[in-house]
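*Asks:* One structure, as C-alpha cells, below. Some questions next.
Only the coordinates and a few stated rules stand behind these numbers; no lab work does. Small disclaimer: the values here were computed from a predicted structure and weren't measured.
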Amino acid sequence: MTKRRDFLQTLGLMGVSLPALHKILDRKSNYFPDTIAGPLVMCSRGESWGKKVLEPAWAKFKETNSILDAIEAGSNVVELDPADTSVGYGGLPDERGVVALDASIMYGPTYNCGSVASLENIKKACSVARLVMERTDHSMLVGPGALAFAKAHGFPEENLLTDEARLTWLEWKENLSDNDDWLPPADHDYKKFRKGGTINVLGMGAQGEVAGITTTSGLFGKIYGRIGDSPIIGAGLFVDNEVGAAGATGRGEELIRTCGSFLLVEKMRSGKSPQVACEEVIERIFHVNGGKQNVDFNVKMVAFNKDGDAGSASIMPLGDNASASLISDKGMKLIAGKSMI
Ligand code: ASP
C-alpha cells in the first residue's frame, strides 16, 4: 500500500491525473496463452452478412495487426448499412419512432470494457463504446451523456431513421390497438411480429488476445429508455483471455436475467466445448421460463474458445444458411449451429 501511495505521489508530481492512474493500476492480469490457435474473427451471421462483415474485418487485421481495429471495422459495416434494420443507421426505432442504439466492447488482455446505451443520432455506436473503454475511466455511458461524449470526440450527429424504418414503425404504431386514434389503411396486410437483430463480432489476435463487440438498435418498439442486453457486459457480450469469447442476440431481458454471455464463458472455462456451452445457455433460458413450451421469443448464442473451436445455438430455426461465420488464415468458414426448438 505504501509503495502504491509513493508511486501515486511520484506520478502525481509528474502531472499524471488520478483517473489516468486508476486506468494504469487497475489493469488485471495480462494473460496470454502458451499456444495460440491463430488469429480469427467470428460473426453471429451466416453466409451473406458474414462475408460483408468478416472480409473488411480481416483486411483491417492484416493492415494493423490489431484485433480491436478488426472487430470494430467489421461491426461498422453493419452499423453504416441501412439494409440491416437491427443495427446502427437504418435500425428500427423505439416506441417514439426514434432509433436508440446499444453497443459494447470488451478486451481480454486487460479485462477492460466500454459500452453505450440509448445512444441517439450517432451511427457508429461500437466506436463510441471503444472510446469509453480506451479514453475514460468508466465502463458505460447512457443517453444524452453518451451523445455528448460522442460529439466531444467528433462523431457527427445524424438522423438514423430511414424511410423504410419509419414506415415499419408507422405500421406498428397504427396496429398497436384498436382503442386509440391511429388508423391503419384498410388495404394493407401488416406484419405482426416484433423484429430484433443485433450483431456480435468476436476475435482473437496473433498473441491470443481475445476481444468482442455487440451492437444493436435493440428491440423494435421498445419503451423509451429501455436498455437491452447488448451494452451489458456479461449479458450480450463477455470475453476472457484465459477462455474465449461469447456474444448473444435476441430477447435481451432473457439474457440479462441469465447473464447469458458470462454463463457461456464460464461453461467453456469448465471444459465444455463452445457448441455444448451455447446449447446449455439456451437450455438454461428454457429452464428459467418453466420449459421450452413457454418460450415464444428468440435468443442466439455464439462463441469460440482459445483453441479456435466455435459454436452457435439459437432457440428458433436459423436463417441465412448458417448460424455464424468465421474467418482466419484458412479462409471463411460457416458455423452450422443448432436450433433448439
Ligand atoms: N438483444 C437485442 C435487445 O434485446 C435485440 C436483438 O438482438 O434482437 O436489445
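*Asks:* Take the cross-link list 173/300; 123/267; 173/338 and give me the ones stretching past 31 Å between alpha-carbons.
*Replies:* On the way: 173/300 27 Å; 123/267 34 Å; 173/338 34 Å.
Long pairs (Cα-Cα over 31 Å): 123/267; 173/338.
*Asks:* Could I ask something else about it? Quick one: which of 51/222; 124/330; 306/330 span more than 23 angstrom between C-alpha atoms?
*Replies:* 51/222; 124/330
*Asks:* Sticking with this one: To make sure I understand the rule: partners must be aspartates and glutamates, Cα under 18 Å from the Cα of residue 272, and not fewer than 8 residues away in the same chain. Which ones qualify?
*Replies:* 240, 242, 280, 283, 307, 309
*Asks:* So, how do all the Cα-to-Cα distances of the stretch 45-171 break down into 5 Å bins, in percent, from 0 on up?
*Replies:* Cα pair-distance distribution for the stretch 45-171, in percent: 2, 12, 19, 21, 20, 16, 7, 2, 1, 0.
*Asks:* Sticking with this structure for a sec: Mind checking which aspartates and glutamates have their Cα closer than 13 Å to the Cα of residue 62? Skip sequence neighbours fewer than 8 apart in that chain.
*Replies:* 329
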